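Structure provided below as structure tokens; questions to follow.
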Amino acid sequence: MVGRIQEATSGRGVDRIVEVAFEANLEANLIVLKVGGVISTYATGGADAAPKIPFYQLAFLNITVNFVFVYVLSDEARAAAIHDINAAIEAGALRPFIGGRFALSELAVAHDTQESGEVVGNIVIDVTA
């Protein structure tokens, strides 16, 4: 994964990471983030996880870590986030990457695919009424 990111950025790295597995991906994130980068994370290895924080690596790279738990956001903050995300998509500054698409009847396969770590990008479940 690190190699693919370095190739895609011509070795410059990325400014921001939205992280779903903080502990598992921290080492790779520190390699691909630019100085002054930001990790916004909303998950790690489970409720009892206690990630080891490499303080000096984070400090020397001036990395900011934001812990985001959407369920405690105020209505105003949630509305602002939705607005900003939609504006970024419309402006072409944010391009969602669909790594896999599954029918609702394939939910178990989609879950197994996500857990495999083989897919890069979002996994979408098509839900029809």
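Please treat every number below as a calculation from the coordinates, not as lab data. Given the structure is predicted, the values throughout are model-derived calculations rather than measurements. All Cβ positions, glycine included, derive from the backbone under ideal geometry; neighbour counts span all protein chains shown.
When THR128, THR9, THR41 are ordered from fewest to most other Cβ atoms inside 10 Å of their Cβ, what list results? Please list the in-between numbers first.
On the way: THR128 5, THR9 13, THR41 21.
Listing THR128, THR9, THR41 from fewest to most nearby Cβ atoms yields THR128, THR9, THR41.
Which residue, ALA24, ALA108, ALA43, tops the fluctuation ranking in a GNM of the chain built on C-alpha contacts under 10 Å?
Sorting by GNM fluctuation, first place goes to ALA108.
I need two numbers for the chain: Rg to one decimal and Dmax as a whole number, Cα atoms only, in Å.
Spelled out, the Cα radius of gyration and Dmax of the chain are 16.4, 51 Å.
Using only Cα atoms, find the angle between the long axis of helix 22-32 and the longest principal axis of the chain, and express it within 0 to 90 degrees, rounded to the nearest 10.
Once rounded, one gets 60 degrees.
While we're here: So what is the orientation-averaged projected area of the stretch 88-129, using the convex hull of its C-alpha atoms, in nm²? Walk me through the intermediate numbers first.
Values: hull surface 14.9 nm².
Here the figure is 3.7 nm², rounded to one decimal.
For HIS111 paired with ALA43, estimate the spin-label separation in nm (one decimal), with each label point 7 Å from Cα along the Cα-to-Cβ line.
1.2
OK, next. Return the single residue from GLY92, GLY45, GLY117 with maximal mean-square fluctuation; model: Gaussian network over the chain, springs between Cα atoms under 10 Å.
Looking only at GLY92, GLY45, GLY117, the biggest GNM fluctuation is shown by GLY117.
Still on this structure, please answer the following. Per-residue ellipticity at 222 nm for the chain, helices alone: DSSP H runs ≥ 4 residues times -39500 (n - 2.57), over residue total, nearest 500 deg cm²/dmol?
On the way: 5 runs with 51 residues, N = 129.
About -11500 deg cm²/dmol.
Enter the angle in degrees (range 0 to 90, nearest 10) between the Cα long axis of helix 107-116 and the first principal axis of the Cα atoms of the chain, meaning the one along which they spread out most.
20
Still on this structure, I have one more. Where does the Debye-calculated log10 I(q)/I(0) of the stretch 29-77 sit at q = 0.14, 0.28 Å⁻¹, using only Cα point scatterers of equal weight, no solvent?
-0.45, -1.10
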